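As structure tokens, the structure follows; a few thoughts come after it.
The values are calculated or read from the model by the stated rules, or taken from the named source; none is laboratory data. The structure displayed is predicted, hence computed values, not measured ones. Using ideal geometry, Cβ is built from the backbone for each residue, glycine included, and neighbour counts are taken over all protein chains shown. To get the accessible areas, we keep the full protein, side chains included, count just its heavy atoms, and leave off ligands, DNA and RNA. Shrake-Rupley method; radii C 1.70, N 1.55, O 1.52, S 1.80 Å.
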Amino acid sequence: MGAIIRAVDELEIDKNDIAMISGIGCTGRMPVYVDFNTLHTTHGRALAFATGLKLVRPDMKIIVVMGDGDALAIGGNHFIHAARRNIGLTTIVVNNVTYGMTGGQYSPTTPLHARASTAPYGHIEPPFRIAELAATAGASFVARSTVFHVTELQKYIGQSIQREGFSVVE
């Protein structure tokens, strides 16, 4: 969240010209802590709401924050088609490789053979690779970083906000 706020500040975007949208899960409360236009939506539907807002306010910068489950499980179809449509949204996917808020069940990004509360003997499905999925589906900008690499993460978020089309930072 700090990297997002610093990137927006560095770009000097007026708080009335930006919106942050989240679904339910690990990023669900993030919009509460920023002084932007915000929307907290239902699980897996943040990109659908964001698309509607972008169509009504094409001039607005829209940042969608989601966890891996929110983005790629129930919201997976929205993710693929938002990338395919290449509409101007900045999407930040926090990849926890698990449903951490509800007991540690495996998610679409849980590594093969990793143990989870719902896979005590190891996960049997290969994981989605978020960046590769986004690029293949048509996103115009894709980057991957970690919270450890704060300067790099902020740079990628800034680049994604400035980019035309659908952008993803994992």
*Counting only protein heavy atoms and using a 1.4 Å probe, what share of the accessible area of segment 18-87 belongs to carbon plus sulfur, as a whole percent?*
59 percent
*Taking only Cα atoms and a 10 Å spring cutoff, compute GNM fluctuations for the chain and point out the largest among 94, 65, 34.*
34
*Please turn the phi angles of segment 53-69 into ³J(HN,Hα) values with the Karplus equation 6.51 cos²θ - 1.76 cosθ + 1.60 (θ = phi - 60°), one per residue in order, whole Hz, x for glycine and proline.*
5, 5, 5, 7, 10, x, 7, 7, 7, 10, 10, 10, 10, 8, x, 5, x
_Given an 8 Å cut-off on Cα distances and at least 6 residues of separation, report the relative contact order of the chain as a percent._
21 percent
*³J(HN,Hα), Karplus 6.51/-1.76/1.60, whole Hz, each residue of segment 76-93, x for Gly, Pro*: x, 5, 4, 4, 4, 6, 5, 5, 5, 6, 6, 6, x, 10, 9, 10, 10, 10
_FRET E, pair residue 1, residue 43, Förster distance 22 Å, beta-carbon r, rounded to 0.05_ = 0.65
*What is the extension gain from residue 60 to residue 112, computed as 0.36 nm multiplied by their sequence separation minus the C-alpha to C-alpha distance, in nm to one decimal?*
14.8 nm
*Could you go through segment 109-123 in sequence order and give the Karplus-derived ³J(HN,Hα) for each residue, using 6.51 cos²θ - 1.76 cosθ + 1.60 with θ = phi - 60°, rounded to whole Hz, and x for Gly and Pro?*
10, 5, x, 4, 6, 5, 8, 8, 4, 9, 9, x, 9, x, 6
*Which far-off residues, 5 or more places away or on another chain, put their amide H under 5 Å from the one on residue 91, with H placed in the peptide plane?*
64, 167, 168, 169
*asked:* Please list, ordered by chain and number, the residues whose modelled amide H lies under 5 Å from the amide H of residue 19; skip anything fewer than 5 residues away on the same chain.
replied: 61, 62, 63
*Of 143, 77, 53, whose Cα points farthest to the positive end of the dipole of the chain (charges on the beta-carbon: +1 Lys, Arg; -1 Asp, Glu; origin at the Cα centre)?*
77
*Counting only heavy atoms of the protein chains, get the accessible area per residue of segment 53-146 (1.4 Å probe) and round it to a whole Å² value.*
50 Å²
*With +1 on each Lys and Arg Cβ and -1 on each Asp and Glu Cβ, and nothing else charged, work out how big the dipole of the chain is about its Cα centre, in Debye to the nearest 20.*
320 debye
_Additional length obtainable on full extension of the chain from residue 16 to residue 132, 0.36 nm per residue less Cα span_ = 38.5 nm
_Looking at the chain as a GNM with Cα springs under 10 Å, which of 114, 19, 71 has the largest mean-square fluctuation?_
114
